[in-house]
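To start, the structure itself, in structure tokens.
The values are calculated or read from the model by the stated rules, or taken from the named source; none is laboratory data. Computed from a prediction, not measured in an experiment: that's the story for all the values here. So basically every Cβ, Gly included, is an ideal-geometry build from the backbone, and we count neighbours across all protein chains shown.
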Amino acid sequence: MDEKIQQVFKPADLAEYSVKQRMLIRLASGAFFLLIKAICKTVKFETIGAQHLEAVEAEGKVPIYTVWHNRIFLGTYYLQNRRIVVITSQSFDGEYIARFLTGFGFGTVRGSSTRGGVGALVEMIRLMKKGLATAFTIDGPKGPRYVAKSGACLLAKKTGNPILPFSVEAEKFCTINSWDKLQIPKPFSRARFFYAEPVYVPPDANDKEIEEKREELQNKLDGLVELGQQWRESIK
């Protein structure tokens, strides 16, 4: 495998951080990794819409996974070890997030909507052309919650790969007091993982068409959330 690609799947060098910061990053990343693994190992998953992923793969394409930010706890575990590359922010928080993601077999590219975003998107294009799947928390990193941004649509335009919206709904969960209301499943819950039909963006799409595709993606993700809520209500 390309040496540059191998680096994407390795934890970053922490030389730019102080000894205290390095310790905190390692502790935080280790704690999140263990928490996700310990809880999610007890969750019983059911998959809905797997044919949509199979159709993408049958075309010889790789998916651009998209999900709402508050579903990443279960999503990280479910999609582990699939050689998926994600963008993490260029910040202290982004550093420990990147490290626990590599523990689950994800690759990471550094950037965000506020810093390094263009460079990160260029790197994602390069990696997809090498055959790697990518993923976006499409309303991240800071919201507004449940409002899709256009990064995945731009990547789909540049690479010819489809966007594959997904969501995860836990039977029982608690939320934390963050902008996204992050959902943390309760141990031994059931969960449904939903794929929607892929979204294709033409290579010559103009700004208006990009916005139309963003709206299409928004609607599909909203629909998955509704499906999840209906399922959870039906099993109470």
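Based on this model, can you work out whether Ser18 counts as surrounded by 13 or more Cβ atoms within 10 Å (Cβ to Cβ) and either β-branched (Val, Ile, Thr) or farther than 21 Å from Leu227 by Cα (or both)? Outline the logic, then answer.
Details: surrounded by 13 or more Cβ atoms within 10 Å (Cβ to Cβ): no; either β-branched (Val, Ile, Thr) or farther than 21 Å from Leu227 by Cα (or both): yes.
Considered against the rule, which asks whether it is surrounded by 13 or more Cβ atoms within 10 Å (Cβ to Cβ) and either β-branched (Val, Ile, Thr) or farther than 21 Å from Leu227 by Cα (or both), Ser18 comes out as no.
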*asked:* Suppose we filter region 158-189 for residues that are surrounded by 14 or more Cβ atoms within 10 Å (Cβ to Cβ), within 15 Å of Ile72 (Cα to Cα) and small (Gly, Ala, Ser); how many remain?
replied: 2
*Taking interchain pairs and intrachain pairs at least six residues apart, which have beta carbon atoms under 6 angstrom, with the first residue in region 220-233 and in a helix (DSSP H, G or I) and the second of a type in the set (Phe, Trp, Tyr)?*
Leu224/Phe194; Leu227/Phe194
*Please tell me if Phe166 is in contact (Cβ under 8 Å) with a residue 24 or more places away in the chain, of a type in the set (Phe, Trp, Tyr) and on the phi > 0 side of the Ramachandran plot.*
no
*asked:* Need pairs with beta-carbon distance below 8 Å; first residue without any contact (Cβ under 8 Å) to a residue 40 or more places away in the chain and within region 118-140, second hydroxyl-bearing (Ser, Thr, Tyr); sequence gap 6+ or separate chains.
replied: Ala120/Ser112; Met124/Thr134; Ile125/Thr159; Lys129/Thr159
_Qualifying position, being basic (Lys, Arg), on the phi > 0 side of the Ramachandran plot and surrounded by fewer than 24 Cβ atoms within 10 Å (Cβ to Cβ), among Arg83, Arg110, Arg145, Arg99_ = Arg83
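Which of the following residues is of a type outside the set (Lys, Arg) and at pLDDT 95 or above: Glu95, Glu57? Talk me through it step by step, then tell me what you get.
Details: Glu95 fails: at pLDDT 95 or above.
Answer to the selection: Glu57.
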*Would you mention how many residues in region 202-219 are surrounded by 13 or more Cβ atoms within 10 Å (Cβ to Cβ), touching a residue at least 40 places away in the same chain (Cβ under 8 Å) and over 19 Å from the mean Cα position of the chain (by Cα)?*
3
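For region 8-35, give me the residue count where each residue is small (Gly, Ala, Ser) and part of a helix (DSSP H, G or I). I'd like the intermediate steps shown before the answer.
Start the filter on region 8-35 by keeping residues that are small (Gly, Ala, Ser), which leaves 12, 15, 18, 28-31.
Imposing the further condition that a residue be part of a helix (DSSP H, G or I) reduces the set to 28-31.
So the answer is 4.
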*asked:* I'm checking my understanding of the structure. Among residues of region 29-74 that are of a type in the set (Val, Ile, Thr) and more than 28 Å from Pro162 (Cα to Cα), which one is surrounded by the fewest Cβ atoms within 10 Å (Cβ to Cβ)?
replied: Thr42
*Limited to region 1-57, what total is found for residues that are closer than 23 Å to Gly75 by Cα and more than 22 Å from the chain's Cα centre (by Cα)?*
1
*Conditions: (1) charged (D, E, K, R); (2) assigned to a helix (DSSP H, G or I); (3) more than 22 Å from Lys181 (Cα to Cα). Glu46 meets all but one. Number of the miss?*
(2)
*asked:* Quick check on my filter: what residues within region 164-178 are within 17 Å of Asp139 (Cα to Cα) and basic (Lys, Arg)?
replied: none
*asked:* Can you pull out every residue in region 61-86 that is in contact (Cβ under 8 Å) with a residue 60 or more places away in the chain, in contact with a Leu (Cβ under 9 Å, 6 or more places away or on another chain) and of a type outside the set (D, E, K, R)?
replied: Val62, Pro63, Ile64, Tyr65, Thr66, Val67, Trp68, His69, Asn70, Ile72, Phe73, Val85
*When you scan region 79-180 for helices (runs of 4 or more DSSP H) that lie fully inside it, which ones turn up with 3 or more residues that are more than 12 Å from the chain's Cα centre (by Cα) and aliphatic (A, V, I, L, M)?*
117-129, 151-159
